[in-house]
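Novice: My questions will all concern the structure given below.
The values are calculated or read from the model by the stated rules, or taken from the named source; none is laboratory data. The model shown is predicted, which means the values in this text are computed figures rather than measured ones. Every residue, glycine among them, receives a Cβ derived from its backbone with ideal geometry; neighbour counts consider all protein chains shown.
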Amino acid sequence: MIEASSFVSAAGERGFRLYTGVPCSFLTPFINFVIDSDDTHYVAAANEGDAVAIAAGAELGGMRTIVMFQNSGLGNAVSPLTSLTYVFRIPVLIITTYRGEPGGPHDEPQHELMGAITTDVLEAMRIPWEYLPTEDAAIAATLDRAVAYMDEERRPYALVMRKGTVKPSALHAVPVAKPVCPVSVAAAEAVSTRQEMLRQIQALAGPDDLIVATTGYTGRELFSCADRPNQLYMVGSMGCASSIGLGLALARPERTVIVIDGDGAALMRLGAMSTIGFERPPNLVHIVLDNQVYESTGSQSTVSGSVDFCGLAAACGYPKVRRVTRPDELADAILDSPGQLAFYHVPILPGTPRKLGRPDITPPDVAARFRQFLQSKL
């Protein structure tokens, strides 16, 4: 068995300071130690996919991150692992437990199938893996192999953790309760287009600000308005834009991060808002453009017409919540009371420009250019 402190210390020497994930009893020693440590920050994600996206955002911001979750939740992470970290070439270190390990200790029936296929799933996603070391002396070499691969290939690496690998570590930190401020925001009808709002956002963004645009027409329209190196155009990994924004905001607290979300995408991963509301990074602006349809797939209706996004954001802990319908209102809202986590619900008209093109820069190049932009502004 290894000490959690030994692994975390060795990981810290290699630049890993941020941890995010979803608990598993196997992971208890790691998570407890990371929460208690003054040298690390643990972000409790609502699900495993959000954790991967948070880590991806932090890595884009220049911070190495470790994602931890139970292998039974590996399925929740498949979308961002295959359409975000793989496509954009974003390296994150994964620690997944091995519940239901074939020939291993008896476990609950829900872990049987995933236990049998865990390593196959990792290999199918082209994620190299090895077992988490069971001796302190082997930790450094394991981490060096992982870091070497991640630096060379710019893609994730996984450590599979068997039961009893890490010695127990008690949790001493007291859970922090953060009050919410429920608000009542009046309903409003859409009067503006997505493109009008995107142009306003670009006009408002400062030269050092970072913009993350959700997958679908939002990223494509943002690119058509003006292509800039501080803009990340999402593809796939639907619903992960806000978690990427959270990771970026935590990694680069000196930058304003603007997330341009969609109603369908936000609904897909509503749990991400609870994590963002708890972390409350003051440099994050979360905008949901709501046209009540999945426009890029044929304009099938979303259920956003019966959802109070502002009420959800307030209930999740966002300290500033507004609903706006015109570009000038959005500008006024963003410029008013900066320096706190903010949420803006923006009803928009459906529709997109005819013959809308796609970015002529590949996702890996978008990510590389984004990193270079951050480095050039140091």
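Novice: Which residues, taken from region 116-137, are in a helix (DSSP H, G or I), touching a residue at least 12 places away in the same chain (Cβ under 8 Å) and surrounded by fewer than 21 Cβ atoms within 10 Å (Cβ to Cβ)?
Specialist: To start, the set of residues in region 116-137 that are in a helix (DSSP H, G or I) comprises 116-124, 136-137.
Keeping just the survivors that are touching a residue at least 12 places away in the same chain (Cβ under 8 Å) gives 116, 118-119, 121-122, 136.
If the condition is that a residue be in a helix (DSSP H, G or I), touching a residue at least 12 places away in the same chain (Cβ under 8 Å) and surrounded by fewer than 21 Cβ atoms within 10 Å (Cβ to Cβ), then 116, 119, 121, 136 are the ones that fit.
Novice: Going by the structure shown, is residue 85 modelled with pLDDT of 95 or more, surrounded by 20 or more Cβ atoms within 10 Å (Cβ to Cβ) and of a type in the set (Ser, Thr, Tyr)?
Specialist: Numbers: modelled with pLDDT of 95 or more: yes; surrounded by 20 or more Cβ atoms within 10 Å (Cβ to Cβ): yes; of a type in the set (Ser, Thr, Tyr): yes.
Against the criterion (modelled with pLDDT of 95 or more, surrounded by 20 or more Cβ atoms within 10 Å (Cβ to Cβ) and of a type in the set (Ser, Thr, Tyr)), residue 85 qualifies.
Novice: For region 321-371, how many residues meet the condition of being touching a Pro at 6+ places or on another chain (Cβ under 8 Å) and in a loop (DSSP other than H, G, I, E, B)?
Specialist: 4
Novice: Follow-up question, since we're still on this one. Could you say which residue among 350, 359, 364 is touching a helix residue (DSSP H, G or I) at 6+ places or on another chain (Cβ under 9 Å), surrounded by fewer than 19 Cβ atoms within 10 Å (Cβ to Cβ) and free of Cβ contacts under 8 Å to residues at least 60 places away in the same chain?
Specialist: From the options 350, 359, 364, the qualifying one is 350.
Novice: Please go through (1) in contact with a strand residue (DSSP E or B) (Cβ under 8 Å, 6 or more places away or on another chain); (2) in a loop (DSSP other than H, G, I, E, B); (3) within 20 Å of residue 139 (Cβ to Cβ) for residue 159 and return the number of the only condition it doesn't satisfy.
Specialist: Of the numbered conditions (1) in contact with a strand residue (DSSP E or B) (Cβ under 8 Å, 6 or more places away or on another chain); (2) in a loop (DSSP other than H, G, I, E, B); (3) within 20 Å of residue 139 (Cβ to Cβ), the odd one out for residue 159 is (2).
Novice: Just checking, how many residues over region 277-304 are hydrophobic (A, V, I, L, M, F, W, C) and under 9 Å from residue 263 (Cα atoms)? First the steps, then the outcome.
Specialist: If we filter region 277-304 for residues that are hydrophobic (A, V, I, L, M, F, W, C), which is where we start, we get 278, 284-285, 287-289, 293, 303.
Those still in the list that are under 9 Å from residue 263 (Cα atoms) too: 288-289, 293, 303.
The qualifying residues number 4.
Novice: Does region 330-341 contain at least one residue that is without any contact (Cβ under 8 Å) to a residue 24 or more places away in the chain, assigned by TED's automatic domain parsing to the domain that holds residue 219 and under 19 Å from residue 193 (Cα atoms)?
Specialist: Yes - at least one qualifying residue is present in region 330-341.
Novice: With region 202-298 as the region, which strands (runs of 3 or more DSSP E) entirely inside it contain at least 1 residues that are under 15 Å from residue 313 (Cβ atoms), assigned by TED's automatic domain parsing to the domain that holds residue 328 and not polar (S, T, N, Q)? Reasoning before the result, please.
Specialist: Details: elements: 210-213, 231-233, 257-262, 284-290.
The strands (runs of 3 or more DSSP E) meeting that bar are 257-262, 284-290.
Novice: Could you pull out every one of the helices (runs of 4 or more DSSP H) wholly within region 1-99 that has 3 or more residues that are under 17 Å from the mean Cα position of the chain (by Cα)? Show your work before the answer.
Specialist: Numbers: elements: 4-13, 28-36, 48-60.
Passing ranges, in order: 48-60.
Novice: Does residue 173 fit the bill of being of a type in the set (Gly, Ala, Ser), over 30 Å from residue 32 (Cα atoms), touching a residue at least 40 places away in the same chain (Cβ under 8 Å) and part of a loop (DSSP other than H, G, I, E, B)? Outline the logic, then answer.
Specialist: Working: of a type in the set (Gly, Ala, Ser): yes; over 30 Å from residue 32 (Cα atoms): no; touching a residue at least 40 places away in the same chain (Cβ under 8 Å): yes; part of a loop (DSSP other than H, G, I, E, B): yes.
The answer is no for residue 173.
Novice: What residue, among those in region 207-266 that are over 17 Å from the mean Cα position of the chain (by Cα) and of a type in the set (A, V, I, L, M), is surrounded by the most Cβ atoms within 10 Å (Cβ to Cβ)?
Specialist: Looking at residues that are over 17 Å from the mean Cα position of the chain (by Cα) and of a type in the set (A, V, I, L, M), I get 222.
Novice: Now for a different question. Taking the stated definitions as given, is residue 78 closer than 21 Å to residue 251 by Cα and aliphatic (A, V, I, L, M)? Explain how you work it out, then say what you get.
Specialist: Values: closer than 21 Å to residue 251 by Cα: no; aliphatic (A, V, I, L, M): yes.
When the stated conditions are applied, residue 78 does not pass them.
Novice: So for region 268-289 (the condition being surrounded by 24 or more Cβ atoms within 10 Å (Cβ to Cβ), over 17 Å from the mean Cα position of the chain (by Cα), within 19 Å of residue 321 (Cα to Cα) and touching a residue at least 40 places away in the same chain (Cβ under 8 Å)), does at least one residue qualify?
Specialist: Yes, region 268-289 has at least one match.
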